[in-house]
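Engineer: Could you have a look at this structure, given as structure tokens, before my questions?
The values are calculated or read from the model by the stated rules, or taken from the named source; none is laboratory data. Treat the numbers as computed from the prediction; the structure is a model and nothing was measured. Using ideal geometry, Cβ is built from the backbone for each residue, glycine included, and neighbour counts are taken over all protein chains shown. Accessible surface is based on the protein model in full, side chains and every heavy atom, while ligands, DNA and RNA are left aside. Shrake-Rupley method; radii C 1.70, N 1.55, O 1.52, S 1.80 Å.
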Amino acid sequence: MSIVDTGDLWWKSAVVYCLDVETYLDWNGDGVGDFAGLAHRIDYLAELGVTCLWLMPFYPTAGRDDGYDIVDFYAVDPRFGHFGDFVELIRLARSSGLRVIVDLVINHTSDQHPWFEASRSSRDSPFRDYYVWRDKPPKKQPKPVFPDQESSNWELDTKTGQYYQHMFYKAQPDLNVANPAVRDEIAKIMGFWVELGVNDFRVDAVPFLLETVDIIGGDGALPDPHAYLKSLRSFLSRRIGDGILLGEVNLPRAEQLTFFGGPDGDELNMQFDFISMQKMYLSLARGDTAPLVEALQSRPDGTHDVQWANFARNHDELTLDKLTDDERAEVFAAFGPEERMQVFGRGIVRRLPTMLSGDQRRIRMVYSLLFAMPGTPVLFYGEEIGMGENLAREGRMAVRTPMQWNAGRNGGFSNAEKSPLIDAMVDGVFGPDRVNVEDQLRDPGSQLGFIKKLIEHYRASPELGWGTFELLKQQHPSVLAHTLAWDGGRVLLLHNFADEPLDVHLAVPDGDGGTSLSDLFSDETTALADDGTVDLPLEGYGFRWLRLVSETDVRRY
């Protein structure tokens, strides 16, 4: 494909930004973020360089799982505003060049959802089969997702004397997607939000949604769960031609290609790369890039229009479930040594700046890596300014604190009194008096200025989203050296995971005495030897982005 074709597959070079409406900006002073507040920050996001806005759940909720226990799929939480406010937000985002992804949470509902209330009212209810009911729990069960909160995936409903399945919390009964009526309802949910201007969907917990054979069992199981995922992709493509499904699929490499649709590429358009993320932290802990290299090289090859979504941090715990026990212990020791920093025995509830003790060199190297790895970068709100977490909050809520806009009252998030705020602010060295948007907008050398520059170079370098990954041999275990090549262009990326400065000797593919390396972050140009080799200095925890150019290369500017 050439540059003129890339607009059709916009997600391969997008910059995704995830936020929670309730913690972003409170415009009416009630202590809760709202659609009006977010609408007043669309210009900020556009100027940052974001191209796709991912909204965490904004539907009515029972308040048991931070919005993921949905009471009504066809409404908005009245705390955030009404449908008019939502539609105006979508219109404003579109006018600023931002697509909008919303969370599609369809593997369960709240136990207060009208469907479940009807389902549990009687064994003869027409909604009974909207959920998974059994006389007795199966003898063999998967381990609960939240082992510190739940001891089983089944809960007895005393009114009807049967157990219902819940792979997450007991207040989140699982929908029975083997029921055609449920599948029809899910399509209606997607169609409803598309008609209101939503472009794309982030599909929550995809493997749990499709795992009907082992969980539901019997004749009621879906004969081909992946055919159902294909049907969702097909439905969205019919309704909006360039709409995508971004899937949460935390599975071993051997299973991931199937969720892309195998050789046809007709299921998920994008998947989060949980494995590379976990191996990156292991590499950071060791100062050795080998684990990350193995993860990147083990990515299954998909069709040309599927993509990996890269992230350094997200809204959940930093899961380490794909590491061995010893590897997980290494990462815990390096970045979450205290019990209060850990959750579920597998994750860390800290943000990157605190894990790296505020070391700006390491922090910037990691974010450079986020944008330099093959794939599409995803940012979690506050990462662009280096926010920390509030460990006084339980579990993964520690990283979902209010956005820090200025050094004023409540960090500029809200004018409400301190007590009614939806969540407690971060305090200490990462609090809003030291870390906020307003101050960093005035400082080009700030974290915010750095992220803007990364996005600028990423968007100007289509090789990063589209290119073929090639690892370069060099002598330092602490250095990741790779190129991404596409449509005749090649970019060289260097990252040093160690504290010591060093010189990297390597051979650049397609390089010769008539070519040079142009540093994208400076005015420096380095000529290559006739055999295409070069020696490049790299600071401790340093990074470099270099484009291979010749005197006649039209890519130079």
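Engineer: Do we find a residue being over 22 Å from Asn314 (Cα atoms), touching a strand residue (DSSP E or B) at 6+ places or on another chain (Cβ under 9 Å) and either at pLDDT 95 or above or aromatic (Phe, Trp, Tyr) (or both) anywhere in region 14-32?
Structural biologist: No, because not a single residue in region 14-32 is over 22 Å from Asn314 (Cα atoms), touching a strand residue (DSSP E or B) at 6+ places or on another chain (Cβ under 9 Å) and either at pLDDT 95 or above or aromatic (Phe, Trp, Tyr) (or both).
Engineer: Got at least one residue in region 438-447 being under 22 Å from the mean Cα position of the chain (by Cα) and under 24 Å from Thr401 (Cα atoms)?
Structural biologist: Going through region 438-447, the residues under 22 Å from the mean Cα position of the chain (by Cα) turn out to be 447.
Checking which are under 24 Å from Thr401 (Cα atoms) leaves us with 447.
The answer is yes; a qualifying residue exists.
Engineer: Within region 523-557, which residues are open to solvent by less than 50 Å² (accessible area, probe 1.4 Å), within 18 Å of Leu369 (Cα to Cα) and outside any strand (DSSP E or B)?
Structural biologist: Within region 523-557, Gly540, Tyr541, Gly542 qualify.
Engineer: Taking into account only those residues within region 405-418 that are in a loop (DSSP other than H, G, I, E, B) and free of Cβ contacts under 8 Å to residues at least 40 places away in the same chain, which is most open to solvent (accessible area, probe 1.4 Å)? Show your work before the answer.
Structural biologist: Let us first name the residues in region 405-418 that are in a loop (DSSP other than H, G, I, E, B), namely 405-408, 413-418.
Right, trim to free of Cβ contacts under 8 Å to residues at least 40 places away in the same chain and you get 406-408, 418.
Numbers: Asn406: 43, Ala407: 56, Gly408: 40, Lys418: 162 Å².
Applying the filter and picking the extreme gives Lys418.
Engineer: Let me ask something else. Tell me, yes or no, whether region 363-383 has at least one residue that is part of a helix (DSSP H, G or I), under 21 Å from Leu246 (Cβ atoms) and of a type in the set (D, E, K, R).
Structural biologist: Scanning region 363-383, I find at least one residue that is part of a helix (DSSP H, G or I), under 21 Å from Leu246 (Cβ atoms) and of a type in the set (D, E, K, R), so the answer is yes.
Engineer: When region 83-95 is examined, which residues are found to be under 23 Å from the mean Cα position of the chain (by Cα), surrounded by 15 or more Cβ atoms within 10 Å (Cβ to Cβ) and not aliphatic (A, V, I, L, M)?
Structural biologist: Phe86
Let's see how each residue does on (1) assigned to a loop (DSSP other than H, G, I, E, B); (2) more than 26 Å from Thr324 (Cβ to Cβ):
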position: Asp242; (1), (2): yes, yes
position: Leu246; (1), (2): no, yes
position: Leu251; (1), (2): yes, no
position: Pro263; (1), (2): no, yes
position: Gln278; (1), (2): no, no
position: Leu284; (1), (2): no, no
position: Asp301; (1), (2): yes, no
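Engineer: Another question about this same structure. Under the condition of being open to solvent by less than 10 Å² (accessible area, probe 1.4 Å) and part of a loop (DSSP other than H, G, I, E, B), which residue from region 198-208 is modelled with the lowest pLDDT? Reasoning before the result, please.
Structural biologist: Step one: filter region 198-208 for residues open to solvent by less than 10 Å² (accessible area, probe 1.4 Å), giving 198, 200-203, 205-206.
With part of a loop (DSSP other than H, G, I, E, B) added as a condition, the list becomes 198, 205.
Numbers: Val198: 98, Ala205: 95.
Taking the candidates together, the pick is Ala205.
Engineer: Moving on to the next point. Filter region 161-176 down to the residues that are within 18 Å of Glu211 (Cβ to Cβ) and open to solvent by less than 30 Å² (accessible area, probe 1.4 Å) and list them by number. Explain how you work it out, then say what you get.
Structural biologist: The initial filter retains those residues of region 161-176 that are within 18 Å of Glu211 (Cβ to Cβ), namely 163-169, 172-176.
Within region 161-176, Tyr164, Gln165, His166, Met167, Phe168, Gln172, Pro173, Asp174, Leu175, Asn176 meet the criteria.
Engineer: Also, I was wondering about something else. Name every residue in region 37-67 that is out of contact with any Phe, Trp or Tyr (no Cβ under 8 Å at 6 or more places or on another chain), part of a loop (DSSP other than H, G, I, E, B) and within 18 Å of Trp193 (Cα to Cα), in order of residue number.
Structural biologist: Met56, Pro60
Engineer: Just the residues that are within 20 Å of the chain's Cα centre (by Cα), among the hydroxyl-bearing types (Ser, Thr, Tyr) and more than 24 Å from Tyr281 (Cα to Cα), please, taken from region 448-487.
Structural biologist: Hits for region 448-487: nothing passes.
Engineer: State the number of residues belonging to region 1-25 that are among the acidic types (Asp, Glu), open to solvent by 10 Å² or more (accessible area, probe 1.4 Å) and in contact with a Gly (Cβ under 8 Å, 6 or more places away or on another chain).
Structural biologist: Step one: filter region 1-25 for residues among the acidic types (Asp, Glu), giving 5, 8, 20, 22.
Now drop any that are not open to solvent by 10 Å² or more (accessible area, probe 1.4 Å), which leaves 5, 8, 22.
Those still in the list that are in contact with a Gly (Cβ under 8 Å, 6 or more places away or on another chain) too: 22.
Total satisfying the criteria: 1.
Engineer: Which residue is modelled with the lowest pLDDT, if the candidates are limited to region 333-362 and must be closer than 23 Å to Ala309 by Cα and in a loop (DSSP other than H, G, I, E, B)?
Structural biologist: Arg346
Engineer: From the residues in region 126-157 that are farther than 19 Å from Gly347 by Cα and among the aliphatic types (A, V, I, L, M), which one is nearest to the chain's Cα centre (by Cα)?
Structural biologist: First, pick out the residues of region 126-157 that are farther than 19 Å from Gly347 by Cα: 126-141, 152-157.
Narrowing further to those that are among the aliphatic types (A, V, I, L, M): 132, 156.
Numbers: Val132: 29, Leu156: 35 Å.
Among them, the one singled out is Val132.
Engineer: Based on what the data block shows, is Phe80 within 23 Å of Pro432 (Cβ to Cβ), open to solvent by less than 40 Å² (accessible area, probe 1.4 Å) and assigned to a loop (DSSP other than H, G, I, E, B)? Break it down into steps so the answer makes sense when it comes.
Structural biologist: Values: within 23 Å of Pro432 (Cβ to Cβ): yes; open to solvent by less than 40 Å² (accessible area, probe 1.4 Å): yes; assigned to a loop (DSSP other than H, G, I, E, B): yes.
Yes, satisfied.
Engineer: Another question, then. Only residues that are open to solvent by less than 20 Å² (accessible area, probe 1.4 Å) and assigned to a helix (DSSP H, G or I): list them for region 306-332, please.
Structural biologist: Scanning region 306-332 gives a single hit, Val331.
Engineer: Need a quick list: strands (runs of 3 or more DSSP E) entirely within region 446-504 having at least 1 residues that are closer than 18 Å to Asn310 by Cβ and open to solvent by less than 10 Å² (accessible area, probe 1.4 Å). So that I can check it myself, show each step before the final result.
Structural biologist: Values: elements: 468-471, 479-486, 489-496.
Those strands (runs of 3 or more DSSP E) span 479-486, 489-496.
Engineer: For the condition farther than 28 Å from Gly428 by Cβ and either among the small types (Gly, Ala, Ser) or surrounded by fewer than 18 Cβ atoms within 10 Å (Cβ to Cβ) (or both), what is the one hit in Leu296, Leu251?
Structural biologist: From the options Leu296, Leu251, the qualifying one is Leu251.
Engineer: With the condition kept exactly as written, say whether any residue in region 177-195 is closer than 27 Å to Arg396 by Cβ and either open to solvent by 20 Å² or more (accessible area, probe 1.4 Å) or out of contact with any Leu (no Cβ under 9 Å at 6 or more places or on another chain) (or both). Even if it seems obvious, please write down each step before you answer.
Structural biologist: Initial filter on region 177-195 (closer than 27 Å to Arg396 by Cβ): 177, 186, 189-190, 193.
Within this subset, residues satisfying the condition of being either open to solvent by 20 Å² or more (accessible area, probe 1.4 Å) or out of contact with any Leu (no Cβ under 9 Å at 6 or more places or on another chain) (or both) are none.
Checking region 177-195: not a single residue is closer than 27 Å to Arg396 by Cβ and either open to solvent by 20 Å² or more (accessible area, probe 1.4 Å) or out of contact with any Leu (no Cβ under 9 Å at 6 or more places or on another chain) (or both).
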